[in-house]
Amino acid sequence: MLRLANKSAIITGGASGIGRAIASLFVEEGADVTITDINAVAGRETARQIGAAFFEQDVTQEAGWKALIKAVSARSNGLHILVNNAGITGNRNETNPELTTLDGWNAVMAVNAGSVFLGCKYGVPQIAQSGGGSIINMSSIAALVATPFLSAYGASKAAVCQFSKSVAIHCAEQANGVRCNTIHPGQIVTPMLEGLFEDVGKLAGLSAETMRDEFLKKVPQGEFGLPKDIANMALFLASDESSHVTGQQLVVDGGMQYLS
Ligand SMILES: NC(=O)c1ccc[n+]([C@@H]2O[C@H](COP(=O)([O-])OP(=O)(O)OC[C@H]3O[C@@H](n4cnc5c(N)ncnc54)[C@H](O)[C@@H]3O)[C@@H](O)[C@H]2O)c1
C-alpha cells in the first residue's frame, strides 16, 4: 500500500530544491500532488518531470491562496496535505541587524512567515472539510540558533515555528482532524545553500569554496544534508504513520543544532 494513497497535496516552492524532492516523493507514494511556485517556467517543467500539477503562485498574495485551494480541492476531490515550503534568504547586502532595511525585513517576513499564515488560514478549513490531514511548515535550524548573518531570515523561521504550534493546538481543540508540524532543516544542498556560500563568502572576503568548508564544520555528521533527507521527514509527517504527532518541531540537521 502506498503511504499517501488517496491523498491530495499542495507543496509551495516546488520548482526547486527541497520542495521538488518532497513533491517527487509524494507522487511516488501515491499522492495527487500540485506544486506551486513564483517561477512558472521551472515550476511547469518540474511538474511535467515528476508527474504533478502546477499552479503559478506568489505565496505572499492572499487572493492567490483562495484560488489555489479552491482549484485543487475541486480537481482532486479535497485537500489532505499542505507543505508550506517556499522561502527566501533575503537581500545579500542586508544581513546583520544593523544592515537590514525595513523593506528587506518585511519582504523576508512576507515570503517566509506571512505565506505560512495565509496557507494555514485557508488550508485548515479545507483539509478539515476533506476529513483531516497534515500541514507541514518549513522552518529552519535558523529558528533555533542565532543567525547574525541572516537576521531577518532567522526571525521569520522562528515565527513559522511558534505560529505552527498555535495552529496545531487550535486544530486539536476543534477536533477537526488537522495536524500541524514544522521541519527544521540544517544545511541542505540546494540552490539556496549554494547561494549562501557565495553571498556570505563575499561579505567575509572569502571564496564560495572556503565558505562551504566553514559551513561544513558546523555539521557534526560531517556532511551536508540532501533534499531527500527532508522529503523523508515530510513523508512521515504527511502520512497516517504520524497521526499522533502535532505541534512538533522536527529537526533534520546532522546534529548541527548542538554545535552552533
Ligand atoms: N537549503 C537549506 O539548507 C535550508 C535550510 C533550512 C531551511 N530551508 C528552507 O527550505 C525551504 C526550501 O528551500 P530550498 O533550499 O529548497 O530553496 P530553493 O531556493 O532551492 O527553492 C525555493 C523555491 O521557492 C520559490 N519561491 C521563492 N519565493 C516565492 C514566492 N514568493 N512564491 C512562491 N514561490 C516562491 C522559489 O522560486 C524556489 O523554487 C525554504 O523555506 C528554506 O528557507 C532550507
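Values quoted throughout were computed directly from the atomic coordinates according to the rules given, and no laboratory measurement underlies them. Keep in mind that what you see is a predicted model, and the values were worked out from it rather than measured. A quick note on method: Cβ atoms are made from the backbone with ideal geometry, for glycine too, and the neighbour counts reach across all protein chains shown.
Table for the structure above
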| quantity | calculated |
| --- | --- |
| All lysines inside 16 Å of LYS121 as judged from Cα atoms, apart from same-chain residues fewer than 8 positions distant | LYS66, LYS70, LYS165 |
| Lysines whose Cα lies under 23 Å from that of LYS228, excluding same-chain neighbours fewer than 8 positions away | LYS7, LYS157, LYS217, LYS218 |
| The chain: C-alpha gyration tensor shape, a/c 1.5 cut-off, then a/b vs b/c | prolate |
| Per DSSP, loop GluC sites (Glu not before Pro) in segment 8-93 with at most 11 further Cβ within 10 Å | none |
| Chymotrypsin sites (Phe, Trp or Tyr not before Pro) restricted to segment 1-70 and DSSP loop, no more than 10 other C-beta within 10 Å | none |
| Rough spin-label spacing in nm, given labels placed 7 Å along Cα→Cβ, for ASN39 and TYR258 | 3.5 nm |
| Contact order relative to length of segment 187-260, as percent, for alpha carbon pairs under 8 angstrom and 6 or more apart | 35 percent |
